[in-house]
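Written below as structure tokens is the structure these notes are about.
The values are calculated or read from the model by the stated rules, or taken from the named source; none is laboratory data. Keep in mind that what you see is a predicted model, and the values were worked out from it rather than measured. When we count neighbours, we look across all protein chains shown, and the Cβ atoms used for this are built from the backbone with ideal geometry, even at glycine.
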């Protein structure tokens, strides 16, 4: 018994991480931390994908997780570039100051 | 045994995850970055528990390695002062968000998960592993990737290319 | 479908429709600076279009019926959605197409010197607009129609917005949004029809065939959806307030096209789509439409009387005139509908001409206020004659076109009072739950409008519409007097120039048409007769039933009974005098009698009391027809 | 010459003249304009004469000439032709129109010789003749209506001929619009009639229909139609309540007043009712109403005429009054009497107007009779012809007016038909007519005495320039004066032969069926005696007050009852009343509609209100889209939670 882990444990872990990430996105003003929280959420999702992949015995979930990583990489690259750009203009990285929707 | 490992890694991941979003050490994003790296690491451990060795490796290499380096790079580059970081502010929206997330969403998700308790996942540490012994290996995932998911894979490469171009265009002062 | 059996012929309709668009495309390559070439090219294109449309007139066969069935051009277009490119023409759209092509060169000529900036774009917009209008008049596929309908909107929007007056932006946005709001409702209606019948067709004839399956409630809602789009375009009271603004701000050419053709699309829409697709709904809502349009006639006339701006005055007069047209449409008699279609053309000529005349003054004086003019008749006599003829045409003086249209509408509406109608509107029960309280007042308990009610309604409508003839004279002649008569006061007015040769080319065709339609309208009526009678018969099948049931011999105009001429006195044909009976002279029942008797029969059938002077024994001829009528049902 | 050619050339020749003069108005020499204008009408007159003779040659029952030109409108049930129809009635009318019209054209050549818009004037005048001829010769009501409105148009154009004068232009407009009120009723009548008559408006057809099928026609409907047509007639023929335009119409050139507003156009209403006598026979109540309105108008207008000072205004009110007589006759079912009076009135009233025109012409536009006097010596021909016509209108025995007016009064006294609730209506109308005759004799002779007798009262410097008018003008005067003497003899009853009555009998056959004479023939002489006596009293009073010993009395009467005088002098303030009641109401309605209903309720509240509402909603919702990503996320999470909550129930 001790060697088996019920699947919903993984799912709960994923949900907790996801919730933490979401709270981070909602609460933090610092754009960098918001970004990292997003990464956290992505990882939580990855965990779910991998869990179900294991559960179904089908490694397609791994592939999706791989693709998610690629997307996360792209997102991080572009997002950080945007942050740099905004920082140059406004000298702050606070997300609640970025509400003009166009520059 | 596996359960113990799971709990250790899970608790570590959750704690460091909390440190990412709500760092007890201060507002400096560096703390968050380090906490994130730790979270990623513990998650990689969880992946291993799930027989996802390839993903676990990628998690360390790509995520903790490449992406997080980019983050720290940017953090260093911006070199934010205390004033620039500023104070956190609690607004009505945020409070509403907190309440909803904690009570509503968590309750809902938890309810779903408990309602759908399914058969326990057996781990490879003991007998009765997956029917396919190669599950989760590079070979297994690689075959899938280059046969069934070839087009998404190639599209991803285009995405990355575009992201590179975009990042360069955005971050550069003058092109 | 049978589309493949359409005889192949030269696609003249497509040519006429797209010639202006082709011209507009060709004009793109002409450099901006060559204003003369641009104008000449646009004029040439529109003239060519008009000449080409004369071939339509020649090829048109007035003896053929069918909705838009003639000279059809067909091509499959978006196969997946069963959308077809299908143009056709019939007696109803023929004259509107001719009016559009006729006004084309006139519009270009009238703005020859008026437009100082962005001439090329202006001309292109006009040409594109023309294609849109022609397409809307000829399109047979509802989707295609919608495309053309919206295509007209954009050039008009630009015409008002760029070359307009002071408040042009306000006016053009109002025009655009107002019209757009209506057409969206129509689009919903079109799509509903399409989906309802299995997504197989957008073709009008097919939809008409299937529309019988619609319940009255559906018909009513669809009619309201289509109707609001058309009512805004007409514009029917109370959807009219965009019109004065748009007219006042639009450049002359824009006003002419707007009044001349664009507004007709509303009334045309009612005739083309409202009538055949939703006949039951139309019959039910006819009193409402009549009431709105009669009120529009009086209201528009009253308001235009107190306008200070000539253009606004004429714009409000359009509300009044198109009220006439709508009365004619709602009356649904053949005479009134003919009058309505003719009146659309008349309004295009007269009001179009009036706008040209105002543009002529505005171009020289840069004012449209009535008080700035006065006594112009002395200074510019030719112009005075031109304006007088248009004024007379628009107030409906006999001998001019306006009279024929207005008279046919008024008299035709009165005819409604005398045409007893089968008292069923829609299927009993269909409608009851939707408008019970409304129905109680206007309709009988069986859901049908009583003969008597319809008599009263259309009689009152006809009488009030006739009031428009008087009110029209009041505001038009007041305007004419204040602008043209009296002493020539202002110095600027003394420098006005009279019509030159180019203006004469604009004025003379309009004037000729005014008199042509006024004195020999049969040429115009003859082409539309078949289509109109088919349509009215479709909407009011009881009319056809009556015609069928009558012995054609009795329909001759011969009144007296006795054709042999032996009858000594003109005696009562139903009860001939004893002397005649002795001599064996036979009398025929004159047509009038037949009709009166029919009225009695209908009244008896519907258990309604119609005041008739005399109780008669029905003659044998009628007894048989009565049974055939029953049998035929 | 075929019938078609004959009839259409009668009608179309003046149109040809109008077109030529109209299109080349400025370019033709005066002489040519004159010749074209006059010759077309005169040739038309000759053709009318020829047609008249042709008609005479036909047997009595079949005196009809048809001329079909083309089918005008044919739609559905309706079918109207452009076709002409000559019967005794229209033949008589066409002779009057072209005859008197021709004379007036010739007269105008002299009268208008100094006017710059010579061509335009004659073009209008010819157009009028055309319209009037198509009115009387049209074979259906619609063609008649074409002429009916056409003459209205020409009247409008000619009243406002000198349009630089705002008052004149306004008078023209007023005439047209008041006429249009009548025309409105006319159209309604036509619309109703079309339903009864199955879309056929030919007079011959209608006559047969009504003669044949009195049984089938809804009597109320027929009465409604007849009433509508009568309202149309009150507009054109200037009866109460629509007479107000005619006095103002005197703003036009005097020959126009003579031709249009005295001799021809204003009689169109009488002609129309006479033409439709068969229908009015079915609506006797309407006939009584017509008689009542006619009698009231005759008296009412005559009383206004007594105090007027403008020579043309007096004549205008006199015209209204005389038209009242004609309507009285029509209403009594005495159609022949009405047509008889119409004819004689055309002669003497045209003569009077032309005479006044001659006076005005030589006085350079002076129209106030107080400033005239003694003109007989300077203008003997004018004075003599004017006197002749005055005697005719006043009913001096043996002059034309005597016969015709006497016949009307006699018929009023003796006729009765189904529409009269009591035979005493006729007696009442007779008495009213008699009083009106008294007034007529009085004011006409007052006019004559003030203008032509006594001493000249105008400014001295103009006195020298007073001269007799040229031959072209006096010629018409003489001819018309001659006609106003002999015109009455066509109806005089020798051995039971009344030329006019016999001539018109077939036309009025149906109409006079229901009319009965309640009194013997000998009463004719009694009424005749009464009217002669009344005329004598009127003339005597006028002589006494303006020529004889009592010249001071009018002024004293004026002072004695200034209010009454002013009230009558201001034409009972009817114009002002109409202005307030109708024009004022309409104007307030228009302003209310414009400013409040249209600009405020519909446009501001309705249209712009909708726009503002959309904008307001947009603004409220737009606040959600403030760019705060975190708020978006919260909203998103709330939504997600709700969806989950609902979905997982």
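Data overview
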quantity: Residue match in region C:156-170 (condition: at pLDDT below 90, within 23 Å of the chain's Cα centre (by Cα) and assigned by TED's automatic domain parsing to the domain that holds residue C:273); calculated: no
quantity: Region B:130-175: number of residues that are modelled with pLDDT under 85, exposed (fewer than 13 other Cβ atoms within 10 Å of the Cβ) and closer than 22 Å to residue A:88 by Cβ; calculated: 4
quantity: Test: residue in region C:141-149 that is outside any helix (DSSP H, G or I) and either modelled with pLDDT of 90 or more or within 21 Å of the chain's Cα centre (by Cα) (or both); calculated: yes
quantity: Residue within region D:74-82 that is more than 10 Å from every other protein chain (Cβ to nearest Cβ) and in a helix (DSSP H, G or I) present; calculated: no
quantity: Lone qualifier among D:104, D:97 - being more than 24 Å from residue D:66 (Cβ to Cβ), buried (at least 24 other Cβ atoms within 10 Å of the Cβ) and not assigned by TED's automatic domain parsing to the domain that holds residue D:356; calculated: D:104
quantity: Count of residues meeting criterion [within 14 Å of chain D (Cβ to nearest Cβ) and part of a helix (DSSP H, G or I)] in region A:89-103; calculated: 4
quantity: Verdict on residue D:17 being farther than 25 Å from residue D:506 by Cβ and surrounded by 18 or more Cβ atoms within 10 Å (Cβ to Cβ); calculated: yes
quantity: Looking only at region A:56-66, and only at residues there that are facing chain B (nearest Cβ under 7 Å) and surrounded by fewer than 19 Cβ atoms within 10 Å (Cβ to Cβ), the one that is farthest from residue B:164 (Cα to Cα); calculated: A:57
quantity: Residue that is surrounded by the most Cβ atoms within 10 Å (Cβ to Cβ) [pool: residues in region A:13-42 that are more than 7 Å from every other protein chain (Cβ to nearest Cβ) and within 9 Å of the chain's Cα centre (by Cα)]; calculated: A:35
quantity: Flag for residue B:44 being facing chain A (nearest Cβ under 7 Å), closer than 23 Å to residue B:7 by Cβ, touching a helix residue (DSSP H, G or I) at 6+ places or on another chain (Cβ under 7 Å) and surrounded by 22 or more Cβ atoms within 10 Å (Cβ to Cβ); calculated: no
quantity: Residue list for region B:95-109, restricted to those being facing chain D (nearest Cβ under 7 Å) and over 19 Å from residue B:22 (Cα atoms); calculated: B:104, B:105, B:108
quantity: Subset of region D:613-635 [surrounded by 13 or more Cβ atoms within 10 Å (Cβ to Cβ) and assigned to a helix (DSSP H, G or I)]; calculated: D:629, D:630, D:631, D:632, D:633, D:634, D:635
quantity: Candidates B:44, B:33 - the one that is farther than 23 Å from residue B:138 by Cα, within 13 Å of the chain's Cα centre (by Cα) and at pLDDT 85 or above; calculated: B:33
quantity: Given (1) surrounded by fewer than 16 Cβ atoms within 10 Å (Cβ to Cβ); (2) within 7 Å of chain A (Cβ to nearest Cβ); (3) modelled with pLDDT of 80 or more, index of the condition residue B:84 fails; calculated: (3)
quantity: Criterion: touching a strand residue (DSSP E or B) at 6+ places or on another chain (Cβ under 8 Å), modelled with pLDDT of 50 or more and under 18 Å from residue C:345 (Cα atoms) - qualifying residue of C:389, C:410; calculated: C:389
quantity: Yes/no for residue C:280 being in the same structural domain as residue C:355 (by TED's automatic domain parsing), modelled with pLDDT of 90 or more, surrounded by fewer than 24 Cβ atoms within 10 Å (Cβ to Cβ) and touching a helix residue (DSSP H, G or I) at 6+ places or on another chain (Cβ under 9 Å); calculated: no
quantity: Neighbours by Cβ (under 9 Å, 6+ apart or cross-chain): first from region C:468-479, at the interface with chain D (Cβ under 8 Å from one of its Cβ atoms); second outside any helix (DSSP H, G or I) and modelled with pLDDT of 90 or more; calculated: C:469/C:396; C:473/C:396; C:473/C:397
quantity: Test result for residue B:143, within 9 Å of chain A (Cβ to nearest Cβ), part of a helix (DSSP H, G or I) and either closer than 29 Å to residue B:78 by Cα or touching a helix residue (DSSP H, G or I) at 6+ places or on another chain (Cβ under 8 Å) (or both); calculated: no
quantity: Residue selected from region D:199-212 under the condition surrounded by fewer than 24 Cβ atoms within 10 Å (Cβ to Cβ) and within 7 Å of another protein chain (Cβ to nearest Cβ), by the criterion modelled with the lowest pLDDT; calculated: D:212
quantity: Some residue of region D:123-140 being out of contact with any strand residue (DSSP E or B) (no Cβ under 9 Å at 6 or more places or on another chain) and at pLDDT below 90; calculated: no
quantity: Tally of residues being closer than 30 Å to residue A:9 by Cα and within 7 Å of another protein chain (Cβ to nearest Cβ) across region A:72-88; calculated: 3
quantity: Helices (runs of 4 or more DSSP H) wholly inside region C:234-342 containing at least 2 residues that are farther than 26 Å from residue C:92 by Cα; calculated: C:242-249, C:279-305, C:310-331
quantity: Matching helices (runs of 4 or more DSSP H) fully within region B:1-87 where at least 1 residues are in contact with a strand residue (DSSP E or B) (Cβ under 9 Å, 6 or more places away or on another chain); calculated: B:2-21, B:29-49, B:82-85
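This table checks each residue for (1) modelled with pLDDT of 85 or more; (2) within 30 Å of residue C:536 (Cβ to Cβ); (3) in contact with a helix residue (DSSP H, G or I) (Cβ under 9 Å, 6 or more places away or on another chain).
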| residue | (1), (2), (3) |
| --- | --- |
| C:67 | no, yes, yes |
| C:87 | yes, yes, yes |
| C:96 | yes, yes, yes |
| C:109 | yes, no, yes |
| C:112 | yes, no, yes |
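Each row is one residue, and each column tells you yes or no for (1) surrounded by fewer than 24 Cβ atoms within 10 Å (Cβ to Cβ); (2) within 12 Å of chain C (Cβ to nearest Cβ); (3) over 28 Å from residue D:27 (Cβ atoms).
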| site | (1), (2), (3) |
| --- | --- |
| D:114 | yes, no, no |
| D:122 | no, no, no |
| D:125 | no, no, no |
| D:129 | no, no, no |
| D:138 | no, yes, yes |
| D:144 | no, yes, yes |
| D:149 | no, yes, yes |
| D:154 | no, yes, no |
| D:158 | no, no, no |
